[in-house]
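The values are calculated or read from the model by the stated rules, or taken from the named source; none is laboratory data. Quick caveat, the model's predicted, so the values are computed rather than measured. Cβ atoms come from the backbone with ideal geometry, glycine included; neighbour counts cover every protein chain shown. To get the accessible areas, we keep the full protein, side chains included, count just its heavy atoms, and leave off ligands, DNA and RNA. Shrake-Rupley method; radii C 1.70, N 1.55, O 1.52, S 1.80 Å.
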Amino acid sequence: MLRGKRVIVTGASSGIGEQMAYHLARMEAHLLLTARTEAKLQKVVERCLELGAASARYISGSMDSPSLPEEVLREAENAWGGLDMLILNHIGQSSFTFFSGDVGHVRKLMETNFVSYVALATAALPLLKESEGSIVVVSSIAGKIAGPFTAPYSATKFALDGFFSSLRQELIVDKVNVSITLCILGYINTESAVRAVSHVIPDTPAPKEECALEIIQAGALRRRELHYPAPAVSSMLLLRSLAPELLDSLVRSRYRLENVRRT
Ligand SMILES: NC(=O)C1=CN([C@@H]2O[C@H](COP(=O)(O)OP(=O)(O)OC[C@H]3O[C@@H](n4cnc5c(N)ncnc54)[C@H](OP(=O)(O)O)[C@@H]3O)[C@@H](O)[C@H]2O)C=CC1
Ligand SMILES: CC(C)CCC[C@@H](C)[C@H]1CC[C@H]2[C@@H]3C(=O)C=C4C[C@@H](O)CC[C@]4(C)[C@H]3CC[C@]12C
């Protein structure tokens, strides 16, 4: 379904975003990748071309810069004259620990993880209307249910649900055929996630390659939400609606609290 489609992937230099780029390359899509680290993006672009991408290019920069979203969309318009899918996936650095009281960090993370998503979607919407394309928003179970040690991060992910679920309703009211897929992910085995939480969370993380493929498929099928891994995420959301306090205590009981880093 994605052969020849024009796709932007943010946060594509590592983790799930990198894996999405490789899947899309094998599907022979046109790719525009973004992240901060140019050296990593160059390597991912090279690999995408080897795997069969119809074309692959990148823009490097930090998504807390307010001018970058428009720059990215300008590049898509110049290179392709349009856009079929916008995959919003990047996140800024945040640590898995007690809230430190650093309000500045919350403000910055909101900018990187939330406001830039709004800005990218806004800049992309005219092109996506034309192609009847798709917006894919990568979120987390932590954007539906708040566990400990992710307060700033969780806030940014809850914000995405509020904004993009409202926008989806407006597009339907307006009879605009642009789909919005919100991806609710559990623990995935990316380097940064394993580094951040494996000393506290004993669970086995789900594979990033399969996760990446499910995100792309959910977007292409224009689904409203993806739950991955499905049974774990869906059952947590169900339990949350039936017995929220029970779920909260189950979540707390699964953490190795003695290993939480206090610095
Ligand atoms: N892994 C997990 O367990 C889970 C992940 N998710 C979600 O999946 C998505 C991907 O996560 P994952 O693959 O683990 O993350 P990674 O840390 O592996 O990748 C994050 C990407 O974002 C880029 N990035 C970091 N800071 C910025 C910035 N300031 N501006 C622009 N780009 C930036 C990074 O590249 P660079 O440093 O070069 O900028 C990298 O390409 C996220 O939305 C996350 O919330 C959801 C639930 C669980
Ligand atoms: C009910 C749930 C709140 C708790 C159960 C699942 C837990 C173990 C899972 C589900 C979502 C996961 C986090 C996530 O979404 C993304 C990141 C960002 C990354 O940079 C560092 C790791 C972190 C904080 C993950 C940590 C582990 C979390 C909380």
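Being more than 6 Å from ligand 2 (Cβ to nearest atom) and farther than 14 Å from GLU18 by Cα is the filter here, so list the residues in the stretch 178-197 that pass it.
So in the stretch 178-197, the residues more than 6 Å from ligand 2 (Cβ to nearest atom) come out as 178-185, 188-191, 194-195.
Residues satisfying the conditions are VAL178, SER179, ILE180, THR181, LEU182, CYS183, ILE184, LEU185, VAL194, ARG195.
With a cut-off of at least 3 residues that are within 26 Å of ILE201 (Cα to Cα), name the helices (runs of 4 or more DSSP H) lying wholly within the stretch 1-107. Walk me through it before giving the result.
On the way: elements: 15-26, 38-51, 68-80.
Hits in the stretch 1-107: 15-26.
Report, ordered by the first and then the second residue, all pairs with beta carbons closer than 7 Å, sequence separation of six or more or different chains, a first member in the stretch 177-188 that is closer than 7 Å to GLU225 by Cβ, and a second member that is open to solvent by 10 Å² or more (accessible area, probe 1.4 Å) and hydrophobic (A, V, I, L, M, F, W, C).
Within 7 Å, the pairs are ILE184/ILE141.
On the basis of being open to solvent by less than 60 Å² (accessible area, probe 1.4 Å), of a type outside the set (Val, Ile, Thr), at pLDDT 95 or above and in a loop (DSSP other than H, G, I, E, B), does PHE114 make the cut?
Against the criterion (open to solvent by less than 60 Å² (accessible area, probe 1.4 Å), of a type outside the set (Val, Ile, Thr), at pLDDT 95 or above and in a loop (DSSP other than H, G, I, E, B)), PHE114 does not qualify.
Give me the residue from the stretch 153-163 that is open to solvent by less than 40 Å² (accessible area, probe 1.4 Å) and over 10 Å from PHE114 (Cβ atoms) and, out of that set, nearest to ligand 2 (Cβ to nearest atom).
Step by step, filter the stretch 153-163, then rank; the result is SER154.
Has the stretch 235-252 got any residue that is under 29 Å from ALA29 (Cβ atoms) and assigned to a loop (DSSP other than H, G, I, E, B)?
Within the stretch 235-252, none of the residues are under 29 Å from ALA29 (Cβ atoms) and assigned to a loop (DSSP other than H, G, I, E, B).
For the stretch 236-255, which residues satisfy the criterion of being open to solvent by 60 Å² or more (accessible area, probe 1.4 Å) and either within 17 Å of PRO205 (Cβ to Cβ) or in contact with a Gly (Cβ under 7 Å, 6 or more places away or on another chain) (or both)? Walk me through how you get there before you give the answer.
Going through the stretch 236-255, the residues open to solvent by 60 Å² or more (accessible area, probe 1.4 Å) turn out to be 238, 240-242, 245-246, 250, 252-254.
If the condition is that a residue be open to solvent by 60 Å² or more (accessible area, probe 1.4 Å) and either within 17 Å of PRO205 (Cβ to Cβ) or in contact with a Gly (Cβ under 7 Å, 6 or more places away or on another chain) (or both), then ARG254 is the only one that fits.
In this structure, is GLY133 buried (at least 20 other Cβ atoms within 10 Å of the Cβ), more than 25 Å from ALA29 (Cα to Cα) and touching an Asp or Glu at 6+ places or on another chain (Cβ under 6 Å)?
Numbers: buried (at least 20 other Cβ atoms within 10 Å of the Cβ): yes; more than 25 Å from ALA29 (Cα to Cα): no; touching an Asp or Glu at 6+ places or on another chain (Cβ under 6 Å): yes.
Taking the combined requirement at face value, the residue does not satisfy it.
Checking the condition surrounded by fewer than 21 Cβ atoms within 10 Å (Cβ to Cβ), touching a strand residue (DSSP E or B) at 6+ places or on another chain (Cβ under 9 Å) and in a helix (DSSP H, G or I), which residue from LEU128, LEU120, LEU167 passes?
LEU167
State which residue is most open to solvent (accessible area, probe 1.4 Å) when the search covers only the stretch 95-111 and only residues that are away from ligand 2 (no atom under 15 Å from the Cβ) and farther than 28 Å from LEU167 by Cα.
ASP102
Listed residues ALA206, ALA196; which is more than 30 Å from LEU83 (Cα to Cα) and touching a Pro at 6+ places or on another chain (Cβ under 6 Å)? Give the steps one after another, and end with the answer.
Values: ALA196 fails: touching a Pro at 6+ places or on another chain (Cβ under 6 Å).
That would be ALA206, the only listed residue that is more than 30 Å from LEU83 (Cα to Cα) and touching a Pro at 6+ places or on another chain (Cβ under 6 Å).
Can you tell me how many residues within the stretch 244-262 are of a type in the set (Ser, Thr, Tyr) and without any contact (Cβ under 8 Å) to a residue 12 or more places away in the chain?
Qualifying residue count, the stretch 244-262: 2.
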